[in-house]
Structures are given as C-alpha cells and as structure tokens.
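Novice: This is the structure I want to talk about, given as structure tokens.
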Amino acid sequence: MTNFNYENKSKIIFGRNDEKVLANEIKNAGAKKVFIHYGQNSIIKSGLLGKVKKELDDAKIKYVEFGGVQANPLRSHALQGIEVAQKNKVDFVLAIGGGSVIDSAKCIAAGVLNKDIMSYYGTRANPSKKQITGALPLGVVLTLPAAGSEGSCASVIKDERNGQKYTIGSQFLRSTFAFINPEFCTTLPKEQIAAGASDILAHMFERYFSPISNVTLTDKLLTGAIQAMFEIAPKVYRDPKNCDAMAEFCLLGTLAHNGMLSMGREPQSWESHDIEMATLSGPNNVAHGAGLAIIFPAWLKHVSKTKPTKILQFSKEVMGAGDIKDGIAKLEAFYKSLGLATTMKEIGIRAEDAVDIAKTAFPKDIVLGGYGQLTFDDIRTVIQFAK
C-alpha cells in the first residue's frame with residue numbers, strides 16, 4: 001500500500017424530499033446570490049427547477065439561471081457561464097443535473113476566481129502545470145447517477161474546437177454539499193441508466209487495476225461494490241421507477257468516485273478513460289459510459305497478454321469465471337444485457353479512424369496508466385481489439 005492523503009469536504013444529503021432543506025444549506029454556506037446551472041429541459045418539465053427556485057424565493061435568496069449544458073459539456077458554454085456569473089456577482093454555484101452539468105459548474109466556479117481557466121485543464125498525456133487557487137462554493141442536486149462528480153475533485157470539459165476532452169483536479173472543486181434524492185432519477189431513459197452503470201463500473205475497475213500490492217482491504221471493497229452493481233443495475237434498467245434499487249444505484253455512483261476506494265492504490269489504471277475520451281466521447285460525442293463499455297474489455301484483452309496476474313484475479317474473484325477469457329466474456333455479456341455496444345463497429349465508428357484521432361491526442365513517446373503502462377503501439381492495439 002502506498003502513502004496517501006484523503007480529504008473530502010462534500011456533505012452528502014441522501015434520501016427523498018431533500019430539496020426542501022436546500023435553502024438552509026445554501027444559507028449555511030454564506031451565499032447571497034446563487035448561479036443555478038442545469039442542462040436541457042428535463043428539470044423544467046419535471047418541475048424540479050421550479051421547486052428549487054421556490055425554495056430560494058421563500059428564503060429570499062437571489063439567483064440567476066444559466067442552462068443549456070449538453071452531454072460532454074463544452075468549453076464555449078462554460079466560458080459563457082463564467083461571464084454571466086461574473087457579471088451578476090454570484091457567490092455560490094448550484095448544479096442541478098448529472099456529471100456533465102456538475103463538471104461544467106465546477107469549471108464556472110473555478111473560472112470566476114482564476115483567469116483563463118481552461119489553461120488549468122489538461123490530459124494525463126499533457127497535464128497542465130497550473131493549480132487553481134480557489135473556487136466559488138458549489139452545491140449539487142443530482143439527477144443522473146454516473147460520473148460521481150458530486151463527490152469528486154475532478155471536472156472534465158470538451159473543447160469543441162478540436163474534439164478533445166480535458167481534465168482538472170483540485171480539492172477546491174469538491175462540492176460543499178450534494179443532495180441525492182433517488183426519486184429525481186426514476187424518470188431516466190434506459191440508455192442513460194445503461195451508460196451510467198458502465199461509467200460507475202469503470203471508475204471502480206480503473207481503481208481495481210493497480211500494480212500496488214498489500215491492498216487486500218480495498219480489493220475486497222471494490223470487489224463487493226462491483227458485484228453490487230452487477231446485481232443492482234439490471235433491476236434499475238428493467239424498472240427505472242424502482243426507487244429502492246435506484247437509491248443503491250445512486251450511492252454506488254458516489255462511492256465509486258469520491259476517493260474512498262482509491263486509498264493506498266496509486267498508481268491506478270485510467271488508460272481506458274483516456275482512450276475513450278480521446279477517440280469516442282470527445283470527437284464522436286458518444287455517451288462516455290457507452291464508450292467505456294467498448295474500450296474496457298478491449299483493454300483487458302490486450303493487457304492480459306503481458307500482465308495477466310491482476311486480470312486473472314479480477315476474472316476469478318470479481319467475475320466468478322474460471323479464466324481470463326471467460327471473465328472478459330462475462331463482462332461483455334453484462335454490457336450487452338443493458339443494451340450497450342461492445343465494439344466500435346456497432347456504433348458506426350471505424351477503428352482506423354479512431355487510431356488516426358489517437359495520433360493527434362497522444363504523443364508518440366506516451367506511457368499511459370498504472371497497471372497497463374501503454375505505449376502508443378499498445379493504444380493502437382487496444383483500439384484494434386475494440387473494432
């Protein structure tokens with residue numbers, strides 16, 4: 001186990017009807033004027049936005065609205081949000097939505113206090129050397145369990161000018177609080193539930209595949225969490241209105257990415273995330289979780305050729321399989337049971353085109369990840385396995 005520092009200031013307020021105490025939490029944060037950030041029209045149609053605004057009105061808390069966040073949130077939209085926030089002199093950001101909205105809100109919260117915020121974003125291949133010095137406090141009302149951004153210190157933004165996605169990480173970006181009411185998630189379409197399950201699983205997989213030894217405790221925690229998702233996701237997929245199952249789904253999403261399952265496991269293996277963002281959800285606007293269902297089995301197939309030890313452990317202890325091949329097959333079968341594609345061909349993308357994109361996203365001398373340790377030739381091979 002490696003040395004680590006663990007810090008998470010996010011207060012998780014979990015359960016039904018929690019939005020009724022939203023104004024109190026915002027007041028406790030010292031806010032005078034709130035920047036409400038959200039996606040498209042779903043929270044308007046559901047009445048959630050109206051409920052939140054009423055809570056703020058009743059508490060005499062001023063606010064300004066800025067909606068329109070799309071999946072794989074855009075740089076240009078976040079920069080517009082920063083201008084609106086600065087012009088209106090807000091002192092608190094409230095994200096109502098899923099990972100895309102929260103990530104965009106984090107960018108805005110940091111961008112109000114840090115000039116040229118996108119220069120702080122980077123990739124694992126080309127990280128930024130700049131560290132933000134602060135951010136406006138952030139609150140979250142979660143409507144889509146997937147990214148885990150409500151409890152994480154990370155934000156991902158897509159630059160539409162080149163189709164690439166960039167990441168920032170800072171303790172300043174952790175939410176002050178997050179309301180997680182499973183009832184808000186029971187109207188999600190099945191394809192979003194499936195992609196969300198895949199995203200949550202990937203956050204656990206990539207922590208599981210660490211080269212560090214003596215991590216028995218977190219291995220067991222990750223194994224239990226992954227197997228819980230294998231059990232819970234089909235229930236939610238079959239019946240999104242099953243609020244009890246959705247509650248467990250939501251909790252898994254938060255626990256998968258709040259850092260608790262990472263302790264003592266650095267380095268980890270986020271190569272699948274990097275390849276997916278660079279080739280699928282970035283340039284092709286594939287849902288991130290859907291893209292991970294294609295890339296992760298391909299990563300397993302390639303890395304198991306040279307570093308089989310942890311993948312054999314995963315196949316036996318997590319997947320309940322006799323060998324690696326059977327373990328990967330069981331994982332692919334799980335994705336397919338949720339209606340997810342496991343090859344690029346199924347979503348109309350050629351592997352050759354993905355390789356060409358990867359050439360622009362990764363330096364030739366790249367060595368990516370903790371367990372897999374991928375060179376560019378390895379990245380090309382993973383994409384070929386995903387074709």
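Novice: Those residues that are among the charged types (D, E, K, R) and without any contact (Cβ under 8 Å) to a residue 40 or more places away in the chain, I need them from the stretch 82-104; list them, please.
Specialist: Glu83, Lys87
Novice: Could you figure out which of (1) surrounded by fewer than 22 Cβ atoms within 10 Å (Cβ to Cβ); (2) under 16 Å from Phe205 (Cα atoms); (3) touching a Phe, Trp or Tyr at 6+ places or on another chain (Cβ under 9 Å) isn't true of Pro363?
Specialist: (2) is the only condition that Pro363 fails.
Novice: Among the residues of the stretch 351-376, which ones are among the acidic types (Asp, Glu) and either over 19 Å from Trp270 (Cβ atoms) or touching a His at 6+ places or on another chain (Cβ under 7 Å) (or both)?
Specialist: From the stretch 351-376, those among the acidic types (Asp, Glu) are 352-353, 356, 365; that's our starting set.
Hits for the stretch 351-376 are Glu352, Asp353, Asp356.
Novice: While we're on this one: Restricting the stretch 176-187 to residues that are surrounded by fewer than 24 Cβ atoms within 10 Å (Cβ to Cβ) and farther than 27 Å from Ala135 by Cα, which is nearest to the chain's Cα centre (by Cα)?
Specialist: It comes out as Pro182.
Novice: Also: Output the number of residues of the stretch 223-239 satisfying the condition of being within 24 Å of Ile311 (Cα to Cα) and among the basic types (Lys, Arg).
Specialist: Residues in the stretch 223-239 being within 24 Å of Ile311 (Cα to Cα) and among the basic types (Lys, Arg): 0 in total.
Yes or no, residue by residue, for (1) out of contact with any Asp or Glu (no Cβ under 6 Å at 6 or more places or on another chain); (2) farther than 15 Å from Gly259 by Cβ; (3) of a type in the set (S, T, N, Q):
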| residue | (1), (2), (3) |
| --- | --- |
| Gly139 | yes, yes, no |
| Gly163 | yes, yes, no |
| Thr187 | yes, yes, yes |
| His203 | yes, no, no |
| Arg207 | yes, no, no |
| Val215 | yes, no, no |
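Listed here are the residues, each with its yes/no results for (1) buried (at least 17 other Cβ atoms within 10 Å of the Cβ); (2) in contact with a helix residue (DSSP H, G or I) (Cβ under 6 Å, 6 or more places away or on another chain); (3) in contact (Cβ under 8 Å) with a residue 12 or more places away in the chain.
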{"position": "Arg207", "(1), (2), (3)": "yes, yes, yes"}
{"position": "Asn214", "(1), (2), (3)": "no, no, yes"}
{"position": "Val236", "(1), (2), (3)": "yes, yes, yes"}
{"position": "Glu248", "(1), (2), (3)": "yes, yes, yes"}
{"position": "Asn258", "(1), (2), (3)": "yes, no, yes"}
{"position": "Val286", "(1), (2), (3)": "yes, yes, yes"}
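Novice: If you don't mind, there's one more thing I want to ask. Mind listing whichever residues of the stretch 305-344 are surrounded by 20 or more Cβ atoms within 10 Å (Cβ to Cβ) and over 18 Å from Leu201 (Cβ atoms)?
Specialist: Once the filter is applied, which keeps residues that are surrounded by 20 or more Cβ atoms within 10 Å (Cβ to Cβ) and over 18 Å from Leu201 (Cβ atoms), the stretch 305-344 yields only Met344.
Novice: May I pose another question? If you go through the stretch 149-175, how many residues are part of a loop (DSSP other than H, G, I, E, B) and either of a type in the set (Phe, Trp, Tyr) or crowded, with 22+ Cβ neighbours inside 10 Å (or both)?
Specialist: Just the residues of the stretch 149-175 that are part of a loop (DSSP other than H, G, I, E, B), to begin with: 149-153, 160-163, 170, 174-175.
Of the ones still in play, those that are also either of a type in the set (Phe, Trp, Tyr) or crowded, with 22+ Cβ neighbours inside 10 Å (or both) are 149-152, 174-175.
Here the count works out to 6.
Novice: What is the number of the single condition among (1) buried (at least 22 other Cβ atoms within 10 Å of the Cβ); (2) not in a helix (DSSP H, G or I) that Asp274 does not meet?
Specialist: (2)
Novice: Is it true that Leu188 is in a loop (DSSP other than H, G, I, E, B) and touching a residue at least 12 places away in the same chain (Cβ under 8 Å)?
Specialist: Numbers: in a loop (DSSP other than H, G, I, E, B): yes; touching a residue at least 12 places away in the same chain (Cβ under 8 Å): yes.
For Leu188, the condition - in a loop (DSSP other than H, G, I, E, B) and touching a residue at least 12 places away in the same chain (Cβ under 8 Å) - is met.
Novice: Please go through the stretch 321-364 and give me each residue that is assigned to a loop (DSSP other than H, G, I, E, B), aliphatic (A, V, I, L, M) and closer than 27 Å to Val236 by Cα, ordered by number. Lay out the reasoning, then the answer.
Specialist: Going through the stretch 321-364, the residues assigned to a loop (DSSP other than H, G, I, E, B) turn out to be 321-323, 338-344, 348-350, 362-364.
Filter once more, keeping what is aliphatic (A, V, I, L, M): 321, 338, 340-341, 344, 349.
Ala321, Leu338, Leu340, Ala341, Met344, listed by residue number.
Novice: As an exercise: evaluate Cys107 against (1) farther than 19 Å from Gln171 by Cβ; (2) touching a residue at least 60 places away in the same chain (Cβ under 8 Å); (3) of a type in the set (A, V, I, L, M, F, W, C) and give the number of the one condition it does not meet.
Specialist: (1)
Novice: Being touching a residue at least 24 places away in the same chain (Cβ under 8 Å) and within 17 Å of Asp103 (Cα to Cα) is true for just one of Glu65, Glu55. Which residue is that? Outline the logic, then answer.
Specialist: Details: Glu55 fails: within 17 Å of Asp103 (Cα to Cα).
Of Glu65, Glu55, the one residue that is touching a residue at least 24 places away in the same chain (Cβ under 8 Å) and within 17 Å of Asp103 (Cα to Cα) is Glu65.
Novice: Based on what the data block shows, is Thr218 at negative phi and in contact with a Pro (Cβ under 7 Å, 6 or more places away or on another chain)?
Specialist: Working: at negative phi: yes; in contact with a Pro (Cβ under 7 Å, 6 or more places away or on another chain): no.
The answer is no for Thr218.
Novice: Run Ala202 past the list (1) in a helix (DSSP H, G or I); (2) over 12 Å from the mean Cα position of the chain (by Cα) and report the number of the one that doesn't hold.
Specialist: Status for Ala202: all satisfied but (2).
Novice: For the stretch 277-313, how many residues are farther than 23 Å from Ser337 by Cβ and assigned to a loop (DSSP other than H, G, I, E, B)?
Specialist: Keep residues of the stretch 277-313 that are farther than 23 Å from Ser337 by Cβ, which gives 277-279, 282-285, 302-303, 305-310, 312-313.
From what is left, the residues that are assigned to a loop (DSSP other than H, G, I, E, B) are 282-285, 305-307.
Here the count works out to 7.
Novice: Could you grab me the full set of residues in the stretch 371-387 that are part of a helix (DSSP H, G or I) and touching a residue at least 24 places away in the same chain (Cβ under 8 Å)?
Specialist: If we filter the stretch 371-387 for residues that are part of a helix (DSSP H, G or I), which is where we start, we get 376-385.
Hits for the stretch 371-387 are Asp378, Ile379, Arg380, Thr381, Val382, Ile383, Gln384, Phe385.
Any read-out appearing in this document is the output of simple, stated calculations on the displayed coordinates, not a laboratory observation. Just so you know, these numbers come straight off a predicted model, no measurement behind them. Please note: Cβ atoms are built from the backbone with ideal geometry, for glycine as well, and neighbour counts cover all protein chains shown.
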